Amino acid sequence: MIRIADQHVRGTRLIWRDGNTRRLENTTGDVADGIVAYLAGIRARREELERFTREWRLSETLRALAQAREEREKRRRDFVSRYTAILAEITELETFLELVQRRNSANGWGELARIVIWVNARLTTLRRQTEPDRIAAALTAEDLFPEIDDLASSSPDILVTPDDGASGS
């Protein structure tokens, strides 16, 4: 009797025993063929596991990139929303000033003068915040549009390195 330790390879013969006495020379060919088939099955199973592992790593990398892209897009939208709110406030204050100046009588300044001074100061501050060089500096500080964008590519060719430990041998 010859028996191979089972590693759960389907479709291969693991035991050569039929109850008859035969010469070893007559059965070695069948046994050798069975062993070769068994080893091929083990290799195929190992290669399938390696392929599955590579694909799983790739899908995890792509999932992480997609999540990072989504988070960055949210930060970009938040950035634009902040500046849109500032621009809306500027428009609101300018409208207020225009209204006050149109309706103001020569003798009605009093308390109104103080709010006009505050509105003008606030407008100056907000306009400084929306100057192009300040917006560009804020974009650079928040790294919303980097020179080299690691999150832009979702190509599997770029993500899988040649030496990822999953060789086919």
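The values are calculated or read from the model by the stated rules, or taken from the named source; none is laboratory data. Computed from a predicted model, the values in this text were never measured in an experiment. Here the Cβ positions follow ideal geometry from the backbone for every residue, glycine too, while neighbour counts run over all protein chains shown. These area figures cover heavy atoms from the full protein model, side chains too; ligands, DNA and RNA do not enter into them. Shrake-Rupley method; radii C 1.70, N 1.55, O 1.52, S 1.80 Å.
Has the range 88-106 got at least one residue that is under 22 Å from L151 (Cβ atoms), of a type in the set (D, E) and open to solvent by less than 90 Å² (accessible area, probe 1.4 Å)?
So the first thing to find is which residues in the range 88-106 are under 22 Å from L151 (Cβ atoms), and the list is none.
No, because not a single residue in the range 88-106 is under 22 Å from L151 (Cβ atoms), of a type in the set (D, E) and open to solvent by less than 90 Å² (accessible area, probe 1.4 Å).
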Which numbered condition L87 fails, given (1) modelled with pLDDT of 95 or more; (2) over 30 Å from E70 (Cα atoms) | (2)
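Is it the case that T53 is more than 30 Å from T140 (Cα to Cα) and part of a helix (DSSP H, G or I)?
Details: more than 30 Å from T140 (Cα to Cα): yes; part of a helix (DSSP H, G or I): yes.
Yes.
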Filter result for E47 (assigned to a helix (DSSP H, G or I) and open to solvent by 60 Å² or more (accessible area, probe 1.4 Å)) | yes
Filter the range 107-137 down to residues that are within 48 Å of the chain's Cα centre (by Cα) and either free of Cβ contacts under 8 Å to residues at least 12 places away in the same chain or open to solvent by 90 Å² or more (accessible area, probe 1.4 Å) (or both), then give me how many there are.
-> 12
For the range 141-163, state whether one or more residues are farther than 30 Å from R57 by Cα, modelled with pLDDT of 90 or more and part of a helix (DSSP H, G or I).
-> yes
Residue check: is R63 open to solvent by 90 Å² or more (accessible area, probe 1.4 Å), at pLDDT below 95 and not in a helix (DSSP H, G or I)?
-> no
